[in-house]
1. Would it be correct to say that residue 149 is touching a residue at least 60 places away in the same chain (Cβ under 8 Å), within 22 Å of residue 250 (Cα to Cα) and within 12 Å of the ligand (Cβ to nearest atom)?
2. Within region 198-225, take every residue that is in a helix (DSSP H, G or I) and within 11 Å of the ligand (Cβ to nearest atom) and give me the one that is least open to solvent (accessible area, probe 1.4 Å).
3. Any residue in region 107-121 that is farther than 18 Å from residue 35 by Cα and not acidic (Asp, Glu)?
4. Six or more apart or on different chains, Cβ atoms under 9 Å: show the pairs whose first residue is in region 36-49 and within 11 Å of the ligand (Cβ to nearest atom) and whose second is part of a helix (DSSP H, G or I).
5. Does at least one position in region 124-141 carry a residue that is part of a helix (DSSP H, G or I) and farther than 19 Å from residue 176 by Cα?
6. Which residues, counting only those in region 164-197, are part of a loop (DSSP other than H, G, I, E, B) and more than 10 Å from the ligand (Cβ to nearest atom)?
7. Filter region 102-125 for residues that are crowded, with 16+ Cβ neighbours inside 10 Å and over 19 Å from residue 60 (Cβ atoms); which is farthest from the ligand (Cβ to nearest atom)?
8. Out of all the residues in region 164-205, which are without any contact (Cβ under 8 Å) to a residue 12 or more places away in the chain, under 18 Å from the mean Cα position of the chain (by Cα) and assigned by TED's automatic domain parsing to the domain that holds residue 219?
Amino acid sequence: DLSGKTAIVTGSTSGIGKAIAGQLAHAGANVMINGFGDPAEISRIIKDLSAASGQTILYSPADMRKSDEIKMLVDQTTASLGAVDILINNAGIQYVSPLEDFPPEQWDAILDINLTSSFHTTRLCLGAMKRAGWGRVVNIASAHSTVASPYKSAYVAAKHGLLGLTKTVALECATDGVTVNAVSPGYVLTDLVVRQIPDTAKARGLTEEAVKNDVMLASQPTKKFVAAEDIAKSVLFLCSSSADNITGANLAIDGGWTAH
Ligand code: NAD
């Protein structure tokens, strides 16, 4: 039961983040959502989720590349919903290219959004969690936090880094009632994955169908994409009191990918 709790979910206008915001709100949390997208679509998400959950759902357009906007996100959340109890670092992007052709600006964007933004959000939320004697940080990492795939150098580096950040912060607040964990999905058929199919096809000289079946699902022994709702339910579990003693962990939800 997360009644009265305040949550931030970065990158929650789509995909996994949207599913997580839904689970947290249905469990009683007031949620600040964040991310890019069509304003009409974002208004609809807020309206639908507040009606379905009965919770206060607010939106911040903060760009996770920008530390000043991240500070505004945390300040705005604290002012309107109260101190942040639950922080879900989920915003992420992907870019697929051989290393020699990898655009340096894409490297910077991926490191900023997929790794450094979590340093900033966590840095700004941790004090209030420690003072409250309760807090939850869940970092949405990836199977690529522990294994690599070719042509995803920035993403793999950032997600390995995010796991390192997770473990370090977990140790730093282990006696404060604050847990810090990573959740590592395999392939979930969200916009992020749909968008990389054409580039992967190009990089590997395959058809798009072959990328889905022979590259993506080849990694996943279950031969199925993971559902965003499955990720969201595990995040909700990590936010519950049943998970008080789980900290510094990396929960794989990857259909067996990292077992081999
Ligand atoms: P998605 O593209 O559907 O959603 C990404 C969200 O992040 C969107 O709301 C988008 O607007 C937001 N975003 C992007 N750039 C941003 C920025 N600069 N500032 C603020 N928000 C920004 O992708 P998804 O698949 O739901 O990915 C969510 C997380 O899950 C990412 O961290 C991703 O790396 C991770 N993940 C996804 C998969 C998968 O197969 N889909 C697998 C493993 C990990």
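1. Yes: the conditions hold for residue 149.
2. Here the residue is 216.
3. Yes.
4. Cβ pairs passing all conditions: 36/42; 37/45; 45/18; 45/21.
5. no
6. Correct list: 173, 174, 175, 176, 177.
7. Within region 102-125, the match that is farthest from the ligand (Cβ to nearest atom) is 102.
8. The answer is 194, and nothing else.
The values are calculated or read from the model by the stated rules, or taken from the named source; none is laboratory data. All values derive from a computational prediction rather than experimental measurement. Cβ coordinates were reconstructed from backbone atoms using ideal geometry, including for glycine residues, and neighbour counts include every protein chain displayed. For the accessible areas, the whole protein counts, side chains as well, though only heavy atoms, and no ligand, DNA or RNA atoms are used. Shrake-Rupley method; radii C 1.70, N 1.55, O 1.52, S 1.80 Å.
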